[in-house]
Amino acid sequence: MTNLSYSEERTVTTHVRRRPERHLPFMPYGFVPLFGLLVLLWIGMGPFAKHIIEQTATRSAEQTLAANGADWARPVVSGQWVWLEGQPPTPMEGEQIIALMRASQTPTWWGSAAPVTRVVERFGTSVITPTATRKPEWTFRLADGVLNLNGNVPNETTRASLVTTAEGLIDAPRIASVADFLTVTHVAADPAYAEVALKGIRAVGSCDRGVATFLDEEFSLRCELPQSGVAALQQVIASPQPVGRLGNVDILPNEAVATCETSLSDLLGMTHIQFAPSSAAIDPSSSALLQSVADAATTCPGTLRIEGHTDSMGSANANELLGDARAEAVRAALIARGVPAERLLAEGFGARKPIDDNTTAEGRAHNRRIEIRVVRASD
């Protein structure tokens, strides 16, 4: 019989099963960027578009209307679309305000951009007030053989009358053609205004070069012509004016202009008006020269422009300011010597118009100068 021992060794094998860690599947992680894009899209289509883009379009539309006096129109904005409501005074004004609104630009981080992408009109019937408050205005300019007619007239009959009168003055090469830029629009249909316009055409038609204007109910004329035509032009100007007032009239006989500019050029070419260095203070030694210039200026026709020029030393901005200041100082000196203030203009050119070499002391001295010219009809 076999004896069993309690000390018998036993081998025990333990099997351990490891439970795998839980991981989220791949798909939820893949949707994270997509979710972010959806959030950005929601912001762009929702609050951002409503409060930024739409506000910009609204502000642009309102500014365009205000800048062009279109108080008859009201913008209705959605995103970058604008619906214009109202009744334009004329169909043309309605079309013009739509074109201006479509062309409007606004600054952005990446440059100018159009805040409004579409403009739709919801206009009612155009309403023309029976008694217009706006007054006709026009500018008739003759230059290089072309008589340009610009301005507004109340009807087609008035326009045709003005164009016919202008074409009757064609006499090449002085007047070779007429360019009609007159606009039929909402202005007072008063025959008195048409009469003044005809006067303007006849006046400027007497010139070699000239411009006649009727602005803010004031008639003005600047005209260059031979001395032989001055008397006839003066008769046209002296004719009764049924409406408005007579403004500035400069009749510039060619011979008198040439004599005047030659005289002033000779005076200022022989010796310069002297200033303190880098200053607009006139040196007392120039007093006699200024008196001679004033005497010559009183015999000149029309309006005179005093031009201040400098050398190129220093900054361009400083030279511009110095040229302005010296021209103004000479203007004040001539007024003090009896030249009427309304006949004198002052303008600084800095170093923009040299007549000599700025690399030499002598050249720079020539460039520091005052010139006086007759304001021409073409200016």
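The values are calculated or read from the model by the stated rules, or taken from the named source; none is laboratory data. Fair warning: this is a prediction, and the values are worked out from it, not measured in the lab. Cβ: placed from backbone, ideal geometry, glycine included. Neighbour counts: every protein chain shown. Each accessible area value is taken on the protein alone, full model and side chains, heavy atoms only, with ligands, DNA and RNA left out. Shrake-Rupley method; radii C 1.70, N 1.55, O 1.52, S 1.80 Å.
Taking the conditions (1) touching a Phe, Trp or Tyr at 6+ places or on another chain (Cβ under 9 Å); (2) closer than 25 Å to D379 by Cβ; (3) open to solvent by less than 20 Å² (accessible area, probe 1.4 Å) in turn, V230 satisfies each one other than (1). State whether the residues of the range 118-131 include one that is modelled with pLDDT under 95 and closer than 15 Å to F181 by Cα. No, the range 118-131 has no match at all. Residue-level check: of (1) touching a Lys or Arg at 6+ places or on another chain (Cβ under 8 Å); (2) within 19 Å of S278 (Cβ to Cβ), E347 misses just (2).
So that you can scan it fast, the table gives a plain yes or no per residue for (1) at pLDDT 95 or above; (2) closer than 27 Å to L221 by Cα; (3) buried (at least 20 other Cβ atoms within 10 Å of the Cβ):
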| residue | (1), (2), (3) |
| --- | --- |
| V339 | yes, yes, yes |
| E342 | no, yes, no |
| D356 | no, no, no |
| R364 | no, no, no |
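Just a yes or no: is a residue in the range 203-218 more than 31 Å from the chain's Cα centre (by Cα) and open to solvent by 20 Å² or more (accessible area, probe 1.4 Å)? No, the range 203-218 contains no residue that is more than 31 Å from the chain's Cα centre (by Cα) and open to solvent by 20 Å² or more (accessible area, probe 1.4 Å). Scanning the range 257-311 for residues that are assigned to a loop (DSSP other than H, G, I, E, B) and in contact (Cβ under 8 Å) with a residue 60 or more places away in the chain returns H272, I273, C300, P301, G302, T303. Against the list (1) open to solvent by less than 50 Å² (accessible area, probe 1.4 Å); (2) polar (S, T, N, Q); (3) within 20 Å of E328 (Cβ to Cβ), the condition S239 fails is (3). Which residue is farthest from G151 (Cα to Cα), if the candidates are limited to the range 168-181 and must be surrounded by 14 or more Cβ atoms within 10 Å (Cβ to Cβ) and charged (D, E, K, R)? Within the range 168-181, the match that is farthest from G151 (Cα to Cα) is R174.
If you go through the range 277-321 and pick out every residue that is touching a Gly at 6+ places or on another chain (Cβ under 7 Å) and surrounded by 19 or more Cβ atoms within 10 Å (Cβ to Cβ), you end up with 4.
Within the range 318-365, being under 23 Å from D250 (Cβ atoms) and acidic (D, E) holds for E328, E342, E347.
Considering the range 242-255 alone, what residues qualify as being surrounded by fewer than 16 Cβ atoms within 10 Å (Cβ to Cβ) and within 15 Å of F219 (Cβ to Cβ)? Residues satisfying the conditions are P242, R245, L246, G247, N248.
Please indicate, with yes or no, whether at least one residue in the range 256-268 is within 30 Å of R222 (Cβ to Cβ), surrounded by fewer than 13 Cβ atoms within 10 Å (Cβ to Cβ) and not β-branched (V, I, T).
Among the residues of the range 256-268, at least one is within 30 Å of R222 (Cβ to Cβ), surrounded by fewer than 13 Cβ atoms within 10 Å (Cβ to Cβ) and not β-branched (V, I, T), which makes the answer yes.
Check whether at least one residue in the range 346-362 is in contact (Cβ under 8 Å) with a residue 40 or more places away in the chain and out of contact with any Gly (no Cβ under 9 Å at 6 or more places or on another chain), and report yes or no. Within the range 346-362, one or more residues are in contact (Cβ under 8 Å) with a residue 40 or more places away in the chain and out of contact with any Gly (no Cβ under 9 Å at 6 or more places or on another chain).
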